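Please read the structure below before turning to the comments.
Readers should treat all values here as calculations from the given coordinates under stated rules, not as data from a laboratory. No experiment lies behind these values; they were computed from the predicted model shown. Glycine gets a Cβ as well: all are built from the backbone with ideal geometry, and neighbour counts include every protein chain shown.
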Amino acid sequence: MTVLTGRTRRGFAHTDWCARDHQCGLGEHRAHPVTLSAGPAGVAVLTRVLAADGRQHVEIRTRITLAAGEPQARAHLAHILTSLQALLKRVISRRR
Ligand SMILES: [Zn+2]
């Protein structure tokens, strides 16, 4: 459950998990990011967001080092694309 506390200048209440940074004044509230590291080859950063329209979502940024060489990099990209598509379908279906 999200608890709303305090008020910003524009009247939006903070959530209990809000990091209370400059984004609050723009109508959205963002948690402190959580970083998942897989060493030098990869990292993902997840941030919980309450958007100005009242919906919540998670913002995910990732950086993955590609395989060396053009054909290998392309094959690696194809693998990442299909893996992320499968993961996206799986995590979306959990909310139902
Ligand atoms: Zn806030």
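Sequence-ordered 3J(HN,Hα) estimates for the stretch 75-90 from the Karplus curve with 6.51, -1.76 and 1.60 and θ = phi - 60° stand at 5, 5, 4, 4, 5, 4, 4, 5, 5, 5, 4, 5, 5, 4, 4, 5 Hz, glycine and proline given as x.
Placing dummy labels 7 Å off each Cα toward the beta-carbon, the span from THR47 to ALA67 is 3.3 nm. Here each label is just a point 7 Å from Cα along the line to Cβ, and for HIS22 and ARG74 those points are 4.2 nm apart.
Close amide-amide hydrogen proximity is noted between THR65 and GLY42, each under 5 Å apart and 5 or more residues distant or on a separate chain (H modeled in the peptide plane; Pro and chain starts excluded). The string of couplings for the stretch 15-29 from the Karplus curve (6.51, -1.76, 1.60, θ = phi - 60°) is 8, 5, 9, 5, 7, 6, 9, 5, 5, 4, x, 9, x, 10, 10 Hz, one whole number per residue in order, with x for Gly and Pro. For the chain, relative contact order (Cα pairs under 8 Å, six or more residues apart, normalised by length) works out to 14 percent. Taking θ as phi - 60° and the Karplus parameters 6.51, -1.76 and 1.60, the scalar couplings of the stretch 47-54 work out to 9, 7, 9, 9, 6, 4, 7, x Hz in sequence order, x denoting glycine and proline. Here each label is just a point 7 Å from Cα along the line to Cβ, and for ALA38 and ALA13 those points are 4.0 nm apart. Around the amide H of THR15, modelled in the peptide plane, lie the amide H atoms of THR5, all under 5 Å away and 5 or more residues distant in sequence or on another chain. Within the listed set THR65, THR47, THR82, the Gaussian network model of the chain (springs between alpha-carbon atoms below 10 Å) gives the highest mean-square fluctuation for THR82.
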